[in-house]
Amino acid sequence: MMNEEKKRDVLIAGAGIGGVAAAIALAQAGHNVKIFEQAAELGEIGAGMHFTPNATRVLGALGVLEDCISIGVVPDEIQMRMFDTDEVILGGPASQLEEHFGSPYLVIHRADIHNVLSAKLLEVAPDSVVLNARVEGYSEDDSGVTLHLADGREFTGDLLVGADGIKSAVRRCMNGENEAHWTGDVAWRLVVPVSDLPAGLVEPNVLLYSGPGAHITVYPLRDGTLVNFCGLVRSDPEWRTEDTWIAQEPWEMLKADFAGWSDTIQALVDVADRDGCTRWALYDHLPISNWSSNRVTLLGDSAHATLPYLGNGGGMALEDAIVLTRALSQEGEIPEALQLYQRNRLERTAMIRNESAENGRKLHDATSAEEVSAGVLSAHGVDMGWLLSYDAMKVELL
Ligand SMILES: Cc1cc2nc3c(=O)[nH]c(=O)nc-3n(C[C@H](O)[C@H](O)[C@H](O)COP(=O)(O)OP(=O)(O)OC[C@H]3O[C@@H](n4cnc5c(N)ncnc54)[C@H](O)[C@@H]3O)c2cc1C
């Protein structure tokens, strides 16, 4: 049972994966949570995501792993393939990850994991969600923090967590302008029905391809009825999206970006919805050295946005949620708790962000089997233990 003095009124800006996970963890620890989301309803768009054992361990602690597995896929194998021939260069059973790291490797649609998390939040904290609530900023003093919404409403609490993504209003209010920068890289993200593909093309495996200027991940979603294609391309730095960072582009551009790639890739591209080919601009953020004030902290992409080349941006947000909750239990005072949280997350999240950027370079430069093997081994294989063995529930907070 939580000591009443440590029971806090926590305001959370942003109901993405990070904000909702934090709200669940904090509510389960006995805090009162209110989460403010700019959108009119809870939900996510986008495509597939993978979650490595460090992240699925957190899903287990939140009590949602089984539901995620039932709607996602725990793949049979992870295969690194030659970009032009489909030849398998490296690979092995995905179950090895669970054997080594004690929690499964999971692939799941972004909307599905968000739905599972949202349902859990509404179960543990039924009145916690405020929709149509665009956060503009905050003010704080010794007695509390006040959240300012764009429509003029204000809410007070003991602390505020800015989980409002890469363009965070909370971060801007805390640290001044700190814009993400355009990397020139883009992501093509497609989800296609398995029934549109030749039988057996994509078994319940994760396929990774590294080729000239691009890197592709293919895996099944939604109990194997859909296939996710995420093609990360080093693009023309002149290519820009308008405000949204996402642009609808002609299918021919998608086809051209992967000309010369393997039969599997061509089959996936060929069944893509001609009117639904979206290119996402990939933005990066240099690690920041401070993301907490006395009563406000950041979590997830607002604190440490990363390129997706290690596929752990969402995983980091999940880990943050647990470490923040533990820090509030461990320290009596909020400013000390926020410092404890930040101190224990800065190095790891900067390392994941930096390794992700490095991986992008290695994977995009490899084209021969030898280069791909060397690139993948140096990027992923030599020692992933530091990434995958992390246990947010048990790591000592110093
Ligand atoms: C191509 C690509 C592939 C990826 N693949 C993976 C993967 O396989 N695995 C993985 O772990 N990660 C992956 N990521 C990273 C992952 O998507 C992010 O790290 C994760 O979504 C961050 O979650 P978040 O809750 O911090 O932020 P977000 O998901 O950005 O959520 C922020 C929320 O805050 C809301 N919001 C924003 N501003 C305001 C405001 N002012 N007021 C109120 N609400 C606001 C938004 O509407 C949103 O709901 C990928 C990213 C990309 C781009």
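Coordinate-derived values only; no laboratory data. What you see is a predicted model, and the numbers here were worked out from it, not measured in a lab. Neighbour counts run over all protein chains shown; Cβ positions are idealised from the backbone, glycine included.
In deg cm²/dmol and to the nearest 500, what is the mean residue ellipticity at 222 nm of the chain if only DSSP H runs of at least 4 residues count, each as -39500 (n - 2.57), divided by the residue total?
On the way: 13 runs with 139 residues, N = 398.
Helix-only estimate at 222 nm: -10500 deg cm²/dmol.
Distance between the modelled labels on TRP386 and ALA39, one decimal in nanometres: 3.4 nm (7 Å Cα→Cβ projection). Of all the options GLY314, GLY260, GLY72, the one that moves most in a Gaussian network model of the chain with Cα springs shorter than 10 angstrom is GLY260. Placing unit charges on the Cβ atoms of the charged side chains and taking the dipole of the chain about its Cα centre, the candidate lying farthest along the positive direction among THR325, ALA133, PRO53 is THR325. For ALA23, the shell of other residues with beta-carbons less than 14 Å away shows a net charge of -3, using +1 for Lys and Arg and -1 for Asp and Glu.
Determine the shape class of segment 135-195: with a ≥ b ≥ c the square roots of the Cα gyration tensor eigenvalues, call it rounded for a/c under 1.5, and otherwise prolate if a/b is greater than b/c, oblate otherwise. Could the numbers behind the result be given before it?
Working: a/c = 3.43, a/b = 2.03, b/c = 1.69.
Judged from the Cα gyration tensor, segment 135-195 comes out prolate (a/c at least 1.5, a/b above b/c).
Summary of packing: across the peptides 320-328, 340-348, the per-residue average of other C-beta atoms within 10 Å ranks them, highest first, as 320-328, 340-348.
Taking a ≥ b ≥ c as the square roots of the eigenvalues of the Cα gyration tensor of segment 118-248, is the shape rounded (a/c under 1.5), prolate (a/b larger than b/c) or oblate?
On the way: a/c = 3.22, a/b = 1.69, b/c = 1.90.
Oblate shape, in that a/c is at least 1.5 and b/c is the bigger or equal ratio.
Just check the chain against the gyration tensor rule for me: Cα atoms, a ≥ b ≥ c as the square roots of the eigenvalues, rounded for a/c under 1.5, and otherwise prolate or oblate depending on whether a/b exceeds b/c. It comes out prolate by the Cα gyration axes.
So which of LYS34/LYS120; LYS7/LYS120; LYS34/LYS394 end up more than 22 Å apart by C-alpha?
Values: LYS34/LYS120 15 Å; LYS7/LYS120 20 Å; LYS34/LYS394 26 Å.
Cα-Cα > 22 Å for LYS34/LYS394; rest within.
Compare the peptides 174-187, 295-308 by average per-residue count of other Cβ atoms within 10 angstrom and give them in order, highest first. Don't skip to the end; give the middle numbers.
Values: 174-187: 15.8, 295-308: 26.3.
By packing density, highest mean first, the sequence is 295-308, 174-187.
Could you calculate the contour length gain from ARG343 to GLU154, that is, 0.36 nm times the residue separation minus the distance between their Cα atoms, to one decimal place in nm?
Extending this stretch completely gives an extra 65.1 nm.
If the label point is 7 Å along Cα→Cβ of THR225, which residues in segment 68-105 have backbone nitrogen under 13 Å from it? So the set is 71-72. If only the Cβ of Lys and Arg carry +1 and only the Cβ of Asp and Glu carry -1, the dipole of segment 1-114 around its Cα centre is close to 580 debye. Spin-label model, ASN32/LEU201: points 7 Å from Cα along the beta carbon direction are separated by 5.4 nm.
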